[in-house]
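Please read the structure below before turning to the comments.
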Amino acid sequence: MTQDRKRKQTVRALQQLTGRRYTPLAREDAVRRPQTGQPFSLGELLAECTSAPVTVPAWFLDCDAGGEPGWEPPKSFFSELLGVDVPHGTVLELAGLLAQTGLGTRCRVESADPDHRALVVAGERRFDLCLTQERIDECCRQPTCLSMPVGEDVVWCGEHLRRRSLPELVHMAHRLATTTVQDADYEPERCGGGHGADRLVKAAVAHAGSETVIKTLIGSGFDDPDHVAEWSWDDTLEMRLRHAIDREGLRLRNVAQAEAERVRQATDACPTCGTRPLLPFRLTDFPPQYCSRRCAPKPVPAGTAVWSVSP
């Protein structure tokens, strides 16, 4: 008898004894079963997907929608690796997202709810596998977080992006700017801007590092106007580049100033000395939630958040 049949048989026996609905009992049984988190390869999951028999998901057997004519659940199979019924299309979409790393990509289950989702970690990436539809979403890289990342190059949600170190923010800014300028085909008017750049600058304000991130976004997101004449036959390109760089620099510095003022207003008193109220703030080399450079702590090594910020 397979593990799936044993599990369902146990839940059915409990249903007969208690008279309760199948789905809540299945959910409780999944919670009781420990999540071992044992790693497996993407190839093993795909092999399971192509060889396991098609099943009717447990959540469908006990839901009200099961009685509606013409409505059927997605074709699913019980995954021994994931411990839940999962649609074939969801697994195939996961394989597509991990195509660059190949079938040997090591994965593990972070958590699973048989009625809704399974969270799967693959390397540093986290995926929310929908169990009721053929759909998958990439999640913020913070464990247990279900929010979506800011973007492909800014891989944390807005809340957890604030907790990243300044070197990490600079690295993400370089990746984002490089992708943006390539997508814009190096046309000055189309470079820069975007929600991701704003979020990175706002997060850097908490480290007193907004200017560092802004310089990275501009340096990686625009050609150097001093060198453009060496390879371009366009006499106006240098002027267009300088205008676009000045415009984007001003815009990002306004974003940083507005965020610093927001943090200042949300801070009742300096965390170190308790000075209140805090005076108006202009961007300097210390975070806006402190009253002075003397009260601001020294930065800690890369990989940890330097200062905390009021939400």
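About the Cα centre of the range 151-311, how large is the charge dipole given +1 on each Lys and Arg Cβ and -1 on each Asp and Glu Cβ? Please answer in debye to the nearest 20. Before the final figure, lay out the partial values.
Values: 20 positive and 23 negative charges, 276 e Å.
Magnitude of the dipole: close to 1320 debye.
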Length released on extending from GLU187 to ARG251, taking residue separation times 0.36 nm less the Cα-Cα span: 21.2 nm
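Quick one: length gained pulling LEU92 to ASP268 fully straight, 0.36 nm per residue minus the C-alpha distance? Let's see the in-between values first.
Working: separation 176, 0.36 × 176 = 63.36 nm, distance 5.05 nm.
Contour length minus Cα-Cα distance gives 58.3 nm.
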Starting from the Cα-Cα distance between MET148 and MET239, subtract it from 0.36 nm times their residue separation and give me the gain in nm to one decimal. 28.9 nm
Dipole of the range 33-139, Cα-centred, from +1 at each Lys and Arg C-beta and -1 at each Asp and Glu C-beta, to the nearest 20 debye? 420 debye
Once phi for every residue in the range 173-180 is put through the Karplus expression 6.51 cos²θ - 1.76 cosθ + 1.60 (θ = phi - 60°), the whole-Hz ³J(HN,Hα) values, with Gly and Pro written as x, are 5, 5, 4, 5, 5, 4, 5, 5
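Read the figures in this text as sums done on the coordinates, not as results from a lab. Remember, predicted model here, so these are calculated numbers, not experimental data. Please note: Cβ atoms are built from the backbone with ideal geometry, for glycine as well, and neighbour counts cover all protein chains shown.
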